[in-house]
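**Student:** Before anything else, here's the structure in question.
The values are calculated or read from the model by the stated rules, or taken from the named source; none is laboratory data. This structure is a prediction, so every number in the text was calculated from the model and none was measured. Backbone-built Cβ (ideal geometry, glycine too); neighbour counts: all protein chains shown.
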Amino acid sequence: MSQLGPSGHLLYVTPSPADAARFEALYREHYADVARFVHRRTEPSAAEAAVAETFAIAWRRLDDVPRRPLPWLFVVARNVLRGERRAAERYRSSGGLTRERAPVEASELVAEHDHETRAFLSLAEPDRETLRLVVWDGLGHRDAAHVAGATLATFTLRASRARRRFAAELARLERAAVPAQRATSQPQEAGA
Amino acid sequence: VNPDDAIRRLREVDPVRDFEPVVDDGKLGWIMARPRPSRVPQRRDRAPRDEVGPELPEA
């Protein structure tokens, strides 16, 4: 599919069989990880397009894909999602109608009364993203720092604080739930 | 709540824990049918002579 521009220069190249095989292997090996990464951060109807765009960028920039591609793919996916959110905000601010909540918090889909979910949702977005990268995406601190665009030292500190805040909020919710449980069980005991 | 225990519990509420994405072969073909830009650096500062119009007469 080579194509020449008006000045006679080469605009597009025909991929070599080696490039095609490399990309196909990349796609098959990492599709599920990228799909989960995207589904954790946006709503299902927008996720498929974001995953496809992530791999389309990887196809265009195959020469830039590093030997350990997953953190690189996560960075691309993160940027695709950011671009979509910015576009949705611009469209909304210009008076257009769009989905009310483009950046959906996927964990809202989990039962609302779970203490873990409520504790997670109570955190600030930077803390949530830090925990998503480490706990759900399963990245080590070095790769997570790369995806977050932070230094390893900064990310490690951020992760430690996010863990503490999450544990503290979880404890607070559980403490608050105990008196409520006692209050509901006492009349039954008194009546028995 | 111990932070390690809290993190273990958070792992269990991963919203896509039971989500098993299926590789989409159709999408793979669609992506690979898209052209890949050439990585050869292009000269953008000068158009070919036939794109800049006639030369001005000398003063």
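**Student:** Suppose we keep only residues that are more than 7 Å from chain A (Cβ to nearest Cβ) and assigned to a loop (DSSP other than H, G, I, E, B) within the stretch B:21-37. Which one would you say is surrounded by the most Cβ atoms within 10 Å (Cβ to Cβ)?
**Tutor:** Only one residue tops the list, namely B:24.
**Student:** Which residue pairs have Cβ atoms closer than 8 Å, lie 6 or more positions apart in sequence or on different chains, and pair a first residue in the stretch A:162-191 that is surrounded by 10 or more Cβ atoms within 10 Å (Cβ to Cβ) with a second residue that is among the aromatic types (Phe, Trp, Tyr) and at pLDDT 75 or above?
**Tutor:** Between residues of the stretch A:162-191 that are surrounded by 10 or more Cβ atoms within 10 Å (Cβ to Cβ) and residues that are among the aromatic types (Phe, Trp, Tyr) and at pLDDT 75 or above, the close pairs are A:166/A:120.
**Student:** Considering only the stretch A:73-116, state which residues are aliphatic (A, V, I, L, M) and either assigned to a loop (DSSP other than H, G, I, E, B) or modelled with pLDDT of 85 or more (or both).
**Tutor:** Across the stretch A:73-116, the qualifying residues are A:73, A:75, A:76, A:77, A:80, A:81, A:97, A:102, A:104, A:110, A:111.
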